[in-house]
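The values are calculated or read from the model by the stated rules, or taken from the named source; none is laboratory data. Just so we're clear, the structure is a prediction, and the values are computed from it rather than from any experiment. With ideal geometry, Cβ positions are generated from the backbone for all residues, glycine too; neighbour counts draw on all protein chains shown.
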Amino acid sequence: MSRFLLFTLLAAFAVAASAQDDASQVATAALRKIAPNAKVQSVTQAPMAGFYAVIADGHPIFVSADGKYLIEGHVIDIAAKRDIMEDGLAGVRKAALASIAADKKVTFAPAHPKHRVTVFTDVDCPYCRQFHKQIAEYNKLGIAVDYVLYPLPIHKGADVKAVTVWCSKNRNDTFTAAMNGEALPAKTCANPISEIVSIAEANNITGTPAVLAEDGTMLGGYVAPDQLAKRLDEMSAPKSAAQ
């Protein structure tokens, strides 16, 4: 590589980095005026001219390039029929999922899974229970399910049950028993529940079940086994075709 080309590339990278820094500063400063404690997770150029796309505490926000205007909410690309922030939100969620170690999950998986999902779950959530009743079907379809225990404040005592599940000798069996509504003697020990709650709240995951693909895509709440398998197959098809 010639020195001139190398210099040109370095200059281009420097300009891009400077522009990104400027965008982050403008967006962060604008947001701080309204929500001083908000955590900015991502700042990129928005598809709409004159705006930055910001993700803060799991919320999609748009800030004008001059820092004067802020719009919170989802913007749909009509032609593409999709949320223009979904890729950014998925990236932030993917990083959040990566921060949850395997030993902080309760996993139900087939021997050779085709797909893997993370499910934020509450043992007192009716739809969570419906999901788990079909866990054998999900596994049979090649889907590994990593549960993370996320007791919701609206379910009184769910936090105690979550800790009990975690502190049991056989978490999988105890989790299933709790999902079946069995009364369990309370147990306590060191556990990751508060960490999971913090991660969920930071990413605007407010309900259960919340089913996420490995790339951070939110697949919805309760999704029937065949529908979930179909969606995951569709998501992986372009990657397979490209290889």
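When the range 187-197 is examined, which residues are found to be surrounded by 11 or more Cβ atoms within 10 Å (Cβ to Cβ) and more than 27 Å from the chain's Cα centre (by Cα)?
Listed by number, the list holds a single entry, K187.
Exactly one of these conditions fails for L228: (1) under 20 Å from K104 (Cα atoms); (2) part of a helix (DSSP H, G or I). Give me its number.
That leaves (1) as the condition not met.
Going through the range 167-184 one residue at a time, which ones are more than 16 Å from H155 (Cα to Cα), assigned to a helix (DSSP H, G or I) and of a type in the set (A, V, I, L, M, F, W, C)?
Within the range 167-184, F175, A177 meet the criteria.
Please enumerate the residues belonging to the range 191-202 that are out of contact with any Leu (no Cβ under 7 Å at 6 or more places or on another chain) and closer than 12 Å to A162 by Cα.
Listed by number, the residues that qualify are N191, P192, S194, V197.
Which residues, taken from the range 194-214, are part of a helix (DSSP H, G or I) and closer than 27 Å to P225 by Cβ?
Listed by number, the residues that qualify are I196, I199, A200.
Which of (1) in contact (Cβ under 8 Å) with a residue 60 or more places away in the chain; (2) farther than 30 Å from A38 by Cα is the odd one out, the single condition M235 does not satisfy?
M235 satisfies all of (1) in contact (Cβ under 8 Å) with a residue 60 or more places away in the chain; (2) farther than 30 Å from A38 by Cα except (1).
Quick one: G58 ticks every box in (1) in contact (Cβ under 8 Å) with a residue 60 or more places away in the chain; (2) in contact with a strand residue (DSSP E or B) (Cβ under 6 Å, 6 or more places away or on another chain) bar one, so which box is it?
G58 satisfies every listed condition except (2).
Being in contact with a strand residue (DSSP E or B) (Cβ under 8 Å, 6 or more places away or on another chain) and part of a loop (DSSP other than H, G, I, E, B) is the requirement here; does P47 meet it?
yes
Against the conditions (1) in contact with a helix residue (DSSP H, G or I) (Cβ under 9 Å, 6 or more places away or on another chain); (2) modelled with pLDDT under 95, where does E201 fall short? Just the number, please.
(1)
Could you list, in sequence order, all residues of the range 194-211 that are within 14 Å of D159 (Cα to Cα), among the β-branched types (V, I, T) and free of Cβ contacts under 8 Å to residues at least 40 places away in the same chain?
Selection gives nothing.
Select from the range 58-77 the residues that are in a strand (DSSP E or B), within 27 Å of I199 (Cβ to Cβ) and not β-branched (V, I, T) and list them in ascending order.
H59, P60, F62, L70, E72
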